[in-house]
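Trainee: Attaching a single structure in structure tokens format; questions to follow.
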Amino acid sequence: MINELLKDAQDKMDQAVEHTIGEFGGIRTGRANAGILSRVTVEYYGTQTPLQQLASFTVPEARMLIVQPFDKTSIPAIERGIQQADLGLNPSNDGNIIRLAFPTLTEERRHELIKVVRSLAEEGRIAIRNVRRHVKDAIEAEDISEDDIHRAEKELQVLTDKHTEAIDAALARKEEELLEV
């Protein structure tokens, strides 16, 4: 039973790390990155549709992202969806593709984004600690010896530390990326 609880904790902590890293991908750096469009939805034939289902993306140069719609008639809707997502990008189209030029970030904006990234990392750490707390409570509720409880809690703490370090490493990479000029 304890092994099942620890396995469950491992899975949930893995998900928390993956979610946090995914959130980091949505933070705009000075470089073009298709990940920033992951949360953009477009009204397509009356239905909110994720942009990834309507177009393909290419990055021809460091500060340019090209959105190639599968259906040319959806270009105005895609432009509207990108503008409504409030990403700080102005789409321009030539009738076939949409170009998104990424402006360089000011020093002030970089530091604001670092604060946002740090708060996302803290949310990830909190999620990991919540998983630890719930599993610890479940372990203590089990009808087993004190030694087994202590051993399981040690293993749980090792899992927690490993996942927290993964978030910290991802945070360091993202901060470095944001500070890169």
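Trainee: At 0.36 nm per residue, minus the direct Cα-Cα distance, what do residue 68 and residue 115 gain on full extension? Give it in nm, one decimal, please.
Mentor: Length gained between residue 68 and residue 115: 13.6 nm.
Trainee: So for the pair residue 172, residue 150, with labels modelled 7 Å out along Cα→Cβ, what separation do we get in nm?
Mentor: Spacing of the two 7 Å Cα→Cβ label points: 3.3 nm.
Trainee: Quick one: order 64, 13 by neighbouring beta-carbon count within 10 Å, fewest to most.
Mentor: With the fewest neighbours first, 64, 13 line up as 64, 13.
Trainee: In nm, to one decimal, how far is the residue 39 label point from the residue 14 one, both placed 7 Å along Cα→Cβ?
Mentor: 2.5 nm
Trainee: Which order do the peptides 67-80, 133-146 take when ranked by the mean count of other beta-carbon atoms within 10 Å per residue, highest first? Intermediate values should be presented prior to the final figure.
Mentor: Working: 67-80: 15.9, 133-146: 13.1.
Peptide ranking by packing, descending: 67-80, 133-146.
Trainee: Which residues does the label zone of residue 47 cover in the stretch 87-131, counting backbone N under 12 Å from a point 7 Å along Cα→Cβ?
Mentor: none
Trainee: Taking all pairs of different Cα atoms in the stretch 34-101, averaging 1/r and flipping that mean, what Kirkwood radius in angstroms comes out?
Mentor: On the way: mean 1/r = 0.0852 Å⁻¹.
In the stretch 34-101 this quantity evaluates to 11.7 Å.
Trainee: A follow-up question, please. Once you have the Cα-Cα distance between residue 158 and residue 142, take 0.36 nm times their residue separation minus that, and quote the gain in nm to one decimal. Please report the intermediate quantities before stating the final value.
Mentor: On the way: separation 16, 0.36 × 16 = 5.76 nm, distance 2.01 nm.
Length gained between residue 158 and residue 142: 3.7 nm.
Trainee: Quick one: Cα centre-to-centre distance for the stretch 122-176 and the stretch 1-62, in angstrom?
Mentor: Value for the Cα centre distance between the two parts: 24 Å.
Trainee: Continuing with this model, one more query. For the chain, count the residues as N, evaluate 2.2 N^0.38 Å, and divide the Cα radius of gyration by that value, please. Working shown, then result.
Mentor: Values: Rg = 21.4 Å, N = 181, 2.2 N^0.38 = 15.9 Å.
Against the compact-globule rule of thumb, the ratio is 1.35.
Here, each number is a calculation from the coordinates, and none is a lab measurement. These figures come from a predicted structure and were not determined experimentally. When we count neighbours, we look across all protein chains shown, and the Cβ atoms used for this are built from the backbone with ideal geometry, even at glycine.
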